[in-house]
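What follows is a short report on a single structure.
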Amino acid sequence: MRSKLILLFLISGSFANCAVKQIRIAPNFESSLDRFKRLTVAIDSGSKVNQVEATLVKSMAEQELAHHKEFIVYPDPSSKNQNCKSPVGKSQGVLTLKLEETLKGSTPSFLVWLSPATFGPSSDGIKISIQAQIQKCDTKEILWEGHASSSYFMGGDEEATLRTSYENKFGKSVGPKILPYYDILKSLLDKIASPVLDEAEQDEKIEVESGA
């Protein structure tokens, strides 16, 4: 009986520790990727983070979509295309991210360590929540949406190269938050299916990324 209880605890703990809480996918999303390959990224104006964090996450999302998901990502520095209000270039849709962070909470560190996706933040930690959706601009249809939330300890030196790279772009003040934001954003965007680009689309992608 005791072994069964331990097993149940471990199973329930594994679900509790999952940062990604919910994913919803339109039935036609993956089939639409034969044609739907061009996006912009926008930060929702209702996000509860400072501008530097918003710009950091936007840059991370653009990199993930372009280099790990093979979308053609058109630049939209001011997030004008939020809710498909102002499509950029040949973009067909927008990934909109709504961000919220909580700093320096009162949760005991051992609880955060035990189940970061449930508890937190600790006194020296951060809790991040991201609501994401991909909208197709010609029909206004929501093709994909997801929600992730988790707590993190700050100040670790894992992935030092990644942290240094983003610190050089956005400043050392955001340094302790880089890895937490990267981890939760990647866990969420990993759930998005990737298009396959033909040769002409690969050339378009190179032109867009080079600013041509």
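The values are calculated or read from the model by the stated rules, or taken from the named source; none is laboratory data. The structure presented is a predicted model; accordingly, all values stated were derived computationally and were not measured. Virtual Cβ from ideal backbone geometry, glycine too; neighbours counted across all protein chains shown. Heavy atoms of the whole protein, side chains included, go into the accessibility calculation; ligands, DNA and RNA do not. Shrake-Rupley method; radii C 1.70, N 1.55, O 1.52, S 1.80 Å.
A few remarks follow.
- Among 160, 193, 117: highest mean-square fluctuation, GNM of the chain, C-alpha pairs under 10 Å: 160
- Those trypsin sites (Lys or Arg not before Pro) in region 136-212 that DSSP places in a loop and that have at most 12 other beta carbons within 10 Å: 140
- Max mean-square fluctuation residue, GNM over the chain, Cα-Cα springs under 10 Å, options 59, 91, 106: 106
- Coil-residue trypsin sites (Lys or Arg not before Pro) of region 31-63, DSSP, other Cβ within 10 Å capped at 15: 35
- Taking the chain, the Cys residues with no second Cys beta-carbon under 4.7 angstrom are 18.
- With every protein chain in place, the chain: carbon and sulfur % of accessible area (1.4 Å): 54
- Dipole magnitude of the chain, debye to nearest 20 (Cβ charges: Lys/Arg +1, Asp/Glu -1, about Cα centre): 900
- Choice from 197, 185, 162 with maximal GNM fluctuation in the chain (Cα, 10 Å cutoff): 162
- Residues whose placed amide H lies under 5 Å from that of residue 21, excluding near-sequence neighbours: 147, 148, 149
- In order through region 124-130: 3J(HN,Hα) via Karplus (6.51 cos²θ - 1.76 cosθ + 1.60), integer Hz, x for Gly, Pro: 10, x, 9, 10, 10, 10, 10
- Annotation: amide H of residue 125 within the under-5 Å range of 104, 105, sequence separation 5 or more or interchain, hydrogens built in the peptide plane.
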